[in-house]
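This report refers to the structure that appears directly beneath it.
Laboratory data are not the source of any read-out in this text; all were calculated from the coordinates shown. The structure presented is a predicted model; accordingly, all values stated were derived computationally and were not measured. Neighbour counts run over all protein chains shown; Cβ positions are idealised from the backbone, glycine included.
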Amino acid sequence: MKLHKDLNNLPQFRNAVITIGSFDGVHCGHRKIIKKVKDLALATGGESIIITFHPHPRQIIYPKDNTLRLLTTTEEKIRLLEKTGIDHLVIVPFTFEFSQLNADEYIQKFLVGKFEPKHIVIGYDHRFGMNRQGDINFLRWHERNLGYKVVEIKKAEIDELAVSSTRIREAVESSDVARAARLLGNYFTLTGKVVKGQQIGATIGYPTANLEIREAAKLFPPDGVYACFVKHDEERMPGMLYIGKRPTLKKYQNRTVEVNIFDFKKSIYEEELEVELVQFIRPDEDLKDLDALKDQISKDQEAAASILQKAEKQVVEWQNLERPSVAVVILNYNGKNFLEKHLPSVLKTRYANCRVYVADNASKDDSVAYLEKNFPKTKIIHLEQNFGFAKGYNLALQDLDEDFFVLLNSDVEVPDNWLEPMVSVMEKDTSIAALQPKIRALGQPEYFEYAGAAGGWIDSLGYPFARGRIFDTVEKDNGQYDNTVEIFWASGCCMMVRGPLFKGFGGFDNDFFAHLEEIDLCWRFKRAGYKVVFTPKSTVFHLGGGTLGYHSPYKTYLNFRNSYYTLLKNEGVIKLAFLLPLRLMMDTLAAFNFLMQAKWLHAQAVIASFFSVFLALVLFIKKRLELELLLDKIRISPQSNRHGILPGSIVLKYFVLGKKFFSKL
């Protein structure tokens, strides 16, 4: 995340997707809105931007109003927003002069003049400009002239935000910091500088760090003792917090905030601490003397230690939820046997922020009944008919909002640690649109599997092949392709793709039905400048040909037909002028070769694919024009990424020059 505090020194944002608000607490409701901004930015090749203000507008507009209480200081808000993974946080210096901008000036000089947004994500009740005269309708009125699009946050979501903020403040004000934490999605935090105190705690064996909280509007919980975690130099340590006037010490009446960090002996004066309030232990008490205070603190420490030991689990859960969310989606058609054999391995996945879905393509066997009985916690997406791989997945994924989708065949076996390495690679490089693990054969695990092997390539004529598998030659895996590299296409049998990008690029082409739709999608990604990557850090095992056998004539038809569809949509116009006649000639030879092998149905399938392409020519020219317009809007690079295209002909190299292995090309 890049932080900006100077409006006169902002960068030129790319396809900016902005939202504006206080984001006090950065609670669970806020994070839904932030995810919407991030997803929209990803889907449009843009940058996600959160705009907030400092000081809070109420402190400038109503300077005598001292009732404002904030869940987070500006610095706490920065740290929380950084964890959300947004691209930019802009903290606008809120001044009286800024508050005097009327609604038109606010839009034209501030929003458009500084950010040139392509999308503004805003609530139905958002008000802006002097005297709060501007609203969402005002923004929409300017949409066409100023070149942005308003995306409305629905009333229900806004109401949820308001309720969350109110409930969080109520919980903190009533000492129920545990409930506040559940609504926030993290512990309520006090941040301050360590200053010198009277050092009385040290004399009774419980030294404390006295905190100076600089933000006057910061919300404080009631006086008392709290179990807490203390963060110092990114290290989280157990402790207990005291807030109060120390009634046992009669000569001191000032209110203090003191934290005792268990087993901590460093000098940290003038350094900053973050104190995460986990649970209220007891109210402040006027005890008899120092000995009584020491005894009570000993009991408090014992109670805090017990609370914090259990709280460690909650910390781990929150840390897991900070990782990208993953939807593993298995498309099923009459695959009960495969689900029975392989679904248990998927459900043992160790990656925590993951949910497994089975999308059923109107199976005629008892797949659904089997799932409902044996895997009741697995979400089933019911499709009304067999839509094939392409449309089936499009329908299954349309209502999912996870960060990453994993499209997984039902005949794939996975180890329990297969997902983490894939997520890690995608996390490190946001320009990666899709990723494929190493795919080995389930029946012969020492060999690569036909459908993808170590990552897909195509040649200059559009024929696909893979590292580790060219035509019918499948290599033994001796570690020869154990490097994380760019490829051209990722196999649909196990393919991780960014959810917002899948939707932003229109998903699979429904007209493909099955086969090569993943190559078409990956080609679109690469034309917009994105990467498709193979990683050997994860390995899965694919049976292959489970639904439609590799030697099926219908599969031959789909492969030849869809190869032409892919070229018509994605290859350059000039190149197509000579490529299509050449491909027709070569594929006619392939049909003749099938005839020589007495594979009559396969030969018919190739010829049938020619007629299908001819009949669909106008449709795919139209699709191409629509795709060009889409790519112009969402590309992240002016140049197409053509990594993974082999110069020359793989047919020539394989059949004439005898180069059977990828490493020999």
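The spacing between segment 322-393 and segment 258-296, judged by their C-alpha centroids, is 51 Å.
Computed from point charges on the beta carbon alone (+1 for Lys and Arg, -1 for Asp and Glu), the dipole magnitude for segment 185-321 about its Cα centre is near 380 Debye.
Taking R0 as 60 Å, what's the FRET efficiency between ASN254 and LYS373 from their Cβ-Cβ distance, rounded to 0.05?
Working: r = 66 Å, r/R0 = 1.10.
In this case the efficiency is close to 0.35.
When the chain is described by a simple charge dipole with +1 on each Lys and Arg Cβ and -1 on each Asp and Glu Cβ, the residue from ALA216, CYS354, TRP600 located farthest towards its positive end is TRP600.
Partner lysines whose Cα lies under 28 Å from the Cα of LYS341, excluding those fewer than 8 positions away in the same chain, are identified as LYS364, LYS373, LYS377, LYS379, LYS391, LYS438, LYS476, LYS537, LYS555.
Among all helices in the chain defined by DSSP H, which have a length of 18 Å or more along the axis from Cα atoms plus a Kyte-Doolittle mean of at least 1.0? Walk me through the intermediate numbers first.
Working: long enough: 28-43 (22 Å, -0.02); 155-173 (27 Å, -0.32); 290-322 (44 Å, -0.67); 553-570 (26 Å, -0.98); 573-596 (34 Å, 1.55); 600-615 (23 Å, 1.57); 617-634 (26 Å, 0.88).
Within the chain the helices that satisfy the rule are 573-596, 600-615.
Note on segment 499-566 and segment 405-461: Cα centroid distance 12 Å, given to the nearest whole angstrom. State the Cα centre-to-centre distance between segment 114-180 and segment 23-65 in whole Å. The two parts, judged by their Cα centres, are 8 Å apart.
Rounding to the nearest 20 debye, state how big the charge dipole of segment 452-552 is about its Cα centre with +1 on each Lys and Arg Cβ and -1 on each Asp and Glu Cβ.
On the way: 10 positive and 11 negative charges, 79 e Å.
Dipole magnitude for segment 452-552 comes out near 380 debye.
Rg/Rh for the chain (Cα atoms only, Rh after Kirkwood) is 1.06. Other residues lying with their Cβ under 12 Å from the Cβ of PRO415 contribute a combined charge of +2, Lys and Arg counting +1, Asp and Glu -1.
Peptides 188-194, 55-61, ordered by how many other C-beta atoms sit within 10 Å of their residues on average, highest first, read 188-194, 55-61. The calculated Kirkwood hydrodynamic radius for segment 185-321 is 15.3 Å, given to one decimal from all distinct C-alpha pairs. In a reduced charge model with +1 at each Lys and Arg Cβ and -1 at each Asp and Glu Cβ, the chain shows a dipole moment near 1260 debye about its Cα centre.
Over the chain, calculate the relative contact order: mean separation of alpha carbon pairs under 8 Å at least 6 apart, over the residue count, as a percent.
Details: 1254 pairs, mean separation 67.2, N = 665.
After rounding, I find 10 percent.
Placing unit charges on each Cβ (+1 for Lys and Arg, -1 for Asp and Glu) gives the chain a dipole about its Cα centre, and among ILE268, CYS228, SER637 the Cα reaching farthest toward its positive end belongs to SER637. Free of any GluC sites (Glu not before Pro) that DSSP assigns to a loop and that have at most 11 other C-beta atoms within 10 Å, the longest stretch within the chain is 1-233.
Excluding same-chain neighbours fewer than eight residues apart, the lysines reachable from LYS294 by a Cα-Cα span under 27 Å are LYS193, LYS196, LYS231, LYS245, LYS250, LYS251, LYS265, LYS266, LYS310.
Counting only Cα atoms, I'd like the Rg/Rh figure for segment 1-112, Kirkwood definition for Rh.
Rounded to two decimals, Rg over Rh is 0.96.
When the chain is described by a simple charge dipole with +1 on each Lys and Arg Cβ and -1 on each Asp and Glu Cβ, the residue from THR67, ILE243, ALA305 located farthest towards its positive end is THR67.
Segment 532-621: which chymotrypsin sites (Phe, Trp or Tyr not before Pro) are DSSP loop and have at most 16 other beta-carbon atoms within 10 angstrom? Spell out each step's value before the answer.
Working: sites: PHE534, PHE541, TYR550, TYR554, TYR557, PHE560, TYR564, TYR565, PHE578, PHE592, PHE594, TRP600, PHE610, PHE611, PHE614, PHE620; in loops: TYR550.
Sites meeting the loop and neighbour criteria: TYR550.
If the convex hull of the alpha-carbon atoms of segment 420-521 is projected onto planes in all directions, what is the mean projected area in square nanometres? Could you put the intermediate results ahead of the total?
On the way: hull surface 29.6 nm².
Hull-based average projected area comes out at 7.4 nm².
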